[in-house]
């Protein structure tokens, strides 16, 4: 059910959720999980009334916190990784582009099977647009999925690739910087207490020294870090990530990393001597976002530079206390690659396109809907086709943009289809959790992460 009015919402939460000051009381957890949470998340996304949307999102977040699903920062875990108090696993950062409520349930089911707790849900600046998922909506869908599956524990939400658009930056630096800062504010308000700044797009390799090549990058990253420290809620230290080399370009070197870090920290101290810096560093090791599609639409095998990952991860820990290096563009790597990440002390890997592919290529995904999505792409996004691309390559590269336009169609697929696709996703998440050595990390997270339920003002519509 989608609530169209506040009165309808209030009537349906009666007997299940009671608002008390700036919090709620859960009177019937079973009814919340079995029925109400479905209605709340659908209303939080699809209600025609903005007050209903915001109220439903607030109720979901508060209910999650009451049940132990508290939106949190992963900083303390990464501090422990940086000092070698804990090791042996790699944290997956999972981008969910479509049917997020159901996809996240698959993640949580896999986590419950493996007693895993060290995993992140994230969404990139670009994905927010083409999947039509603002931070508050994404946070609500993840929290609702945790409630639905019975998962209990800290929830880590991350702003992925909060990226500087190079062209816009060089045309009007202040406007582009402000757009990222506005997004950071929106994300933190929604509970994204983990944010990756990506200013690697403005690295200029034509400059004569590495310091000059990285100057715009480390300067912007320091400025953004200081902004995050100003915006983060009291008692929360947002985990911040930086990035050296734009993915798909040349591989990163230890020298580049060291020069970036030394100058980043020096610049950050100008904003405040005691400001906490980044907790991890994203590097380039040979991968490409989404993989490289071949003319027939299949994905080329990528040779990843694990030696670079290991060298920079070790340097990041020993010299700067960071959790390690981060690998982007990992979801389309061959299965045999994943157990190498913990062995090379990689702290985090980012996974997105592979899950998108499971949804689109599932035998359970309705052919009629897929055809409509592809027809839309061919009609409306034809200008994005590169001359050298085959039709298969064009569709593969562009179909991610179908998730926003056809969001409601996907969410309203028959329950048996959603369940079948969810099982396929769950199998992949379980495989990844196994390869990344996440079994038992729930205990590690519980020991190191102290969740803080940040107070949120009750929506005025619920106080009337």
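Take the conditions in contact with a strand residue (DSSP E or B) (Cβ under 6 Å, 6 or more places away or on another chain) and under 19 Å from residue 328 (Cα atoms) and apply them to residue 71. Does it pass? No, not satisfied.
Applying the selection to segment 315-342, what residues are assigned to a helix (DSSP H, G or I) and either touching a strand residue (DSSP E or B) at 6+ places or on another chain (Cβ under 7 Å) or at pLDDT below 95 (or both)?
Answer for segment 315-342, where residues must be assigned to a helix (DSSP H, G or I) and either touching a strand residue (DSSP E or B) at 6+ places or on another chain (Cβ under 7 Å) or at pLDDT below 95 (or both): 316, 335, 336, 337, 340, 341.
Within the set 299, 283, the sole residue that is buried (at least 22 other Cβ atoms within 10 Å of the Cβ), modelled with pLDDT under 95 and over 27 Å from residue 191 (Cβ atoms) turns out to be 283. Exactly one residue out of 103, 136 is farther than 13 Å from residue 429 by Cα and assigned to a helix (DSSP H, G or I): that is 136.
Scanning segment 20-32 for residues that are closer than 25 Å to residue 455 by Cβ and under 30 Å from the mean Cα position of the chain (by Cα) turns up 22, 23, 24, 25, 26, 29, 32.
Listed by position, the helices (runs of 4 or more DSSP H) contained in segment 381-464 that have at least 2 residues being touching a helix residue (DSSP H, G or I) at 6+ places or on another chain (Cβ under 8 Å) and closer than 19 Å to residue 131 by Cα are 391-398, 402-405, 407-411, 415-435.
The residue of segment 195-222 that is surrounded by the most Cβ atoms within 10 Å (Cβ to Cβ), among those that are closer than 24 Å to residue 94 by Cα and in contact with a helix residue (DSSP H, G or I) (Cβ under 8 Å, 6 or more places away or on another chain), is 221.
Yes/no matrix, rows are residues, columns are (1) surrounded by fewer than 23 Cβ atoms within 10 Å (Cβ to Cβ); (2) in the same structural domain as residue 278 (by TED's automatic domain parsing); (3) not in a strand (DSSP E or B):
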{"residue": "111", "(1), (2), (3)": "no, yes, yes"}
{"residue": "118", "(1), (2), (3)": "no, yes, yes"}
{"residue": "129", "(1), (2), (3)": "yes, yes, yes"}
{"residue": "148", "(1), (2), (3)": "yes, yes, yes"}
{"residue": "159", "(1), (2), (3)": "no, yes, no"}
{"residue": "174", "(1), (2), (3)": "yes, yes, yes"}
{"residue": "187", "(1), (2), (3)": "no, yes, yes"}
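Only one of the numbered conditions (1) in contact (Cβ under 8 Å) with a residue 24 or more places away in the chain; (2) over 19 Å from residue 407 (Cα atoms); (3) out of contact with any helix residue (DSSP H, G or I) (no Cβ under 8 Å at 6 or more places or on another chain); (4) surrounded by fewer than 24 Cβ atoms within 10 Å (Cβ to Cβ) is violated by residue 84, and that is (3). Residue 142 meets all of the listed conditions (1) surrounded by 24 or more Cβ atoms within 10 Å (Cβ to Cβ); (2) under 16 Å from the mean Cα position of the chain (by Cα); (3) more than 22 Å from residue 240 (Cβ to Cβ) but one, namely (3). As a summary of the residue check, residue 388 satisfies the conditions (1) in the same structural domain as residue 329 (by TED's automatic domain parsing); (2) out of contact with any strand residue (DSSP E or B) (no Cβ under 7 Å at 6 or more places or on another chain) except for the one numbered (1). Selection of first residues in segment 345-366 that are without any contact (Cβ under 8 Å) to a residue 40 or more places away in the chain and of second residues that are buried (at least 22 other Cβ atoms within 10 Å of the Cβ) and in a loop (DSSP other than H, G, I, E, B), restricted to Cβ pairs under 8 Å at least 6 apart or on distinct chains, gives the following pairs, ordered by first then second residue: 357/332. Of the residues 252, 225, 237, the single one that is outside any helix (DSSP H, G or I), buried (at least 22 other Cβ atoms within 10 Å of the Cβ) and at pLDDT 85 or above is 252. Is it fair to say residue 424 is out of contact with any strand residue (DSSP E or B) (no Cβ under 8 Å at 6 or more places or on another chain) and not assigned by TED's automatic domain parsing to the domain that holds residue 154? So residue 424 fails the test.
The values are calculated or read from the model by the stated rules, or taken from the named source; none is laboratory data. Quantities reported herein were computed from a predicted structural model and do not represent experimental measurements. Positions of Cβ are generated from backbone atoms using ideal geometry, with glycine treated the same way; all protein chains shown enter the neighbour counts.
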